[in-house]
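Take a look at the structure below.
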Amino acid sequence: MARDFKRTDRVGAQLQRELADLLREEIKDPELGMVTIQEVRVVRDFSQAKVYFTSMGSALGHQEVGARLNQAAGHLRWLLGRELTLRSIP
């Protein structure tokens, strides 16, 4: 019997849920506005992930919001490591 979802899809969905919670609770930057995580795509070996997002109500442009989120990526990755039971956090 074939599985309906690959493990990378399940991990991507879990990362999407956790990132959405972390952005809402941990990132206190009023200029970001409302950021919604649309999708997280994880590569097969879990070494990298691409995060797709939209932003509304921001004083910044889409590029600037992405730059701010990239600056917070290390902190978000650390927080994800505390929440998830994965060997490595993409």
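Structure summary
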| item | result |
| --- | --- |
| Meets criteria (open to solvent by less than 100 Å² (accessible area, probe 1.4 Å), under 9 Å from the mean Cα position of the chain (by Cα), at negative phi and among the acidic types (D, E)) for E64 | no |
| Scope the range 49-61; condition surrounded by 11 or more Cβ atoms within 10 Å (Cβ to Cβ) and over 18 Å from T8 (Cβ atoms); matching residues | F53, T54, S55, S58, L60 |
| Leading residue by the ranking (farthest from R7 (Cα to Cα)) among those in the range 50-90 that are small (G, A, S) and touching a helix residue (DSSP H, G or I) at 6+ places or on another chain (Cβ under 6 Å) | A59 |
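The values are calculated or read from the model by the stated rules, or taken from the named source; none is laboratory data. This one's a predicted model, so the numbers in the text were calculated from it and none came from an experiment. A quick note on method: Cβ atoms are made from the backbone with ideal geometry, for glycine too, and the neighbour counts reach across all protein chains shown. When the accessible area is computed, the model is the full protein with side chains, heavy atoms only, and any ligands, DNA or RNA have been set aside. Shrake-Rupley method; radii C 1.70, N 1.55, O 1.52, S 1.80 Å.
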